[in-house]
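Structure record follows, encoded as structure tokens.
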Amino acid sequence: MNAVEVRDVTKRFGTVVAVDTISFTVQPGTVTALLGGNGAGKTTTLSMLLGLLLPTSGEISLLGQDMIRHRYRVLPRVNFSSPYVDLPHRLTVRENLTVYGHLYGVPGLKARMAELCRDLDLTGLLDRPAGKLSAGQKTRVSMARALLNQPELLLLDEPTASLDPDTADWLRGYFQDYRRRTGATLLLASHNMTEVERMCDQVLIMKTGRIVDRGTPAELFARYARDTMEEVFLDIARDRRRPDDPCRREP
Amino acid sequence: MILSVRRVAGLCLRHLYILRGSWLRLIEMAYWPLINVVMWGFTSQFLSNNSSWFAQAGGVLIAGALLWDVMFRGNLGVALSFLEEMWSRNLGYLSVSPLRPGEMVASILVMSFIRTMIGVLPAAFLAIPLYHFSLFSLGAPLLVFWALLTMMGWATGLAVSAMVLRFGLGAESLAWVMIFAIGPLAGVYYPISVLPDWLQPVAWALPPAHVFEGMREVMTHGVVRTDLMLSALALDLVYLSLGIGLFLYAWHGARVRGALLNVGE
């Protein structure tokens, strides 16, 4: 069973096609990236996977459950983190985690919170209001919230956006460690090439709502005869073709 | 649809933490009902000295002011509890949690009840030493009036929340103003018979008209009009169903438009 199965999914907003007939699967225990520029359809795709946004057509299943019809069966096993969604500012870190612990029905909540706070170095911040934390601290709290229910599938929207390189690097290491320890599946939307190169087993490259190429980072490097994901990304973004394409334009 | 008490309580906890952490919010909730009861108390005293009807029905204005606040606070409690999620840009995380829309509605109704109690009870108690009027002297009918007005407040609050969900935070001021459209037709301080003939059927189509008429019957004649209570209840059920339906419809619409992820100030 695939952790994620997307079949012919389209999302239209009026006449605008935000996501155009995309299909892909994600194997359990792997890390997959949706890579693309601004407006490529990454966040729209993630939103549809989570059921925040209803697709115009197509089918989505997460962990073997149809997300359009049986969303609430799978949500307790999934979680999500985004720098564009906040936790209530006036609640302390402890209060925020307690509320979400109840919403997810986390057994042994206090012990789970203590474990996460230790792992994510949040113990000293527990009684601070979420609104008074730095960007890096907020990201760590958001991660603790996203990991409270030990998700089998973790969806991350630009997980290291607005973080300094040190914190971003630490967070990537943490995700990889979490995946190793739990066998969880990670799907992240990103335009951070380092992140994608370092973390991902599979890359889905999106452009104007479509998946225009896919493969492992090594496969993509070979296909485009490039050494970095950034070069591959620029080739696709600027419509330079693959080396085997006679119409290829050199930079 | 099965509601989880744990999840409803979990979301209530989020709002209770906010109230616990801010004594200013608690004061704000009780502030206007207190000011209102003081103003109507003095008005009532003045009119009692100059009108035999008011002298006979002592406290009818204060009772009206307090019970109107029950409906207003009921509406505000629902709308503000929902707006709180939008202001804090937290709706995205709530929407991907196992919390169902029905559970969210249940928790904001519970919070509205708590907010109404915090807002109106201090004013009701203040009227006892200040004007020698106890709202509680209405007896058992008070509980019925309270419940009926709360239901209408909830219905209005849910309609406001639906509009905010549909039109964004630009519509948030409706939380404070929309319910006042009902005010002239509710008969809070005067009987419905005062209204022009053509307007009276409109007033009778609203539950508060029945409640305030019933309140005056109890206070002036000592008569409990169960017919008025039952008609108010029937209308409340219609309006509350409409409010819940409108909210769930707006929620579905937000999922179609993708408005749940990027809402906020």
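The values are calculated or read from the model by the stated rules, or taken from the named source; none is laboratory data. These numbers come from a predicted model, not from an experiment. With ideal geometry, Cβ positions are generated from the backbone for all residues, glycine too; neighbour counts draw on all protein chains shown.
Quick notes
- Residue list for segment B:74-101, restricted to those being among the hydrophobic types (A, V, I, L, M, F, W, C) and either modelled with pLDDT of 95 or more or out of contact with any strand residue (DSSP E or B) (no Cβ under 9 Å at 6 or more places or on another chain) (or both): B:L76, B:V78, B:A79, B:L80, B:F82, B:L83, B:M86, B:W87, B:L91, B:L94, B:L99
- Looking across A:R223, A:R198, A:R172, A:R140, one residue alone is buried (at least 22 other Cβ atoms within 10 Å of the Cβ), part of a helix (DSSP H, G or I) and of a type in the set (K, R). It is A:R140.
- Listed by position, the helices (runs of 4 or more DSSP H) contained in segment B:1-109 that have at least 1 residues being within 23 Å of the chain's Cα centre (by Cα) are B:5-20, B:23-50, B:60-87.
- From B:L148, B:L143, residue being surrounded by 14 or more Cβ atoms within 10 Å (Cβ to Cβ), at pLDDT 90 or above and not polar (S, T, N, Q): B:L148
- Restricting segment A:103-123 to residues that are in contact with a helix residue (DSSP H, G or I) (Cβ under 8 Å, 6 or more places away or on another chain) and not in a helix (DSSP H, G or I), the residue that is nearest to A:L133 (Cα to Cα): A:L122
- Taken over segment B:1-40, the criterion of being at the interface with another protein chain (Cβ under 10 Å from one of its Cβ atoms), among the charged types (D, E, K, R) and free of Cβ contacts under 8 Å to residues at least 40 places away in the same chain is satisfied by B:R6, B:R14, B:R20, B:R25.
- Of the strands (runs of 3 or more DSSP E) lying entirely inside segment A:1-92, not one is found with 2 or more residues being surrounded by 24 or more Cβ atoms within 10 Å (Cβ to Cβ) and without any contact (Cβ under 8 Å) to a residue 24 or more places away in the chain.
- Checked against (1) surrounded by 23 or more Cβ atoms within 10 Å (Cβ to Cβ); (2) among the aromatic types (F, W, Y); (3) touching a Gly at 6+ places or on another chain (Cβ under 8 Å), B:Y93 passes all but condition (3).
- Residue tally, condition under 20 Å from the mean Cα position of the chain (by Cα) and on the phi > 0 side of the Ramachandran plot, over segment B:180-228: 1
- For segment B:236-254, the candidate set comprises residues that are touching a residue at least 40 places away in the same chain (Cβ under 8 Å) and touching a Pro at 6+ places or on another chain (Cβ under 9 Å); within that set, the residue that is surrounded by the fewest Cβ atoms within 10 Å (Cβ to Cβ) is B:L248.
- Residues in segment A:14-55 that are within 14 Å of chain B (Cβ to nearest Cβ) and of a type in the set (A, V, I, L, M, F, W, C): A:V16, A:V17, A:A18, A:V19, A:L46, A:M48, A:L49, A:L50, A:L52, A:L53, A:L54.
- Scanning segment A:56-91 for residues that are facing chain B (nearest Cβ under 8 Å) and more than 25 Å from A:M1 (Cα to Cα) yields A:S82, A:Y84, A:V85, A:D86, A:L87, A:P88, A:H89, A:R90, A:L91.
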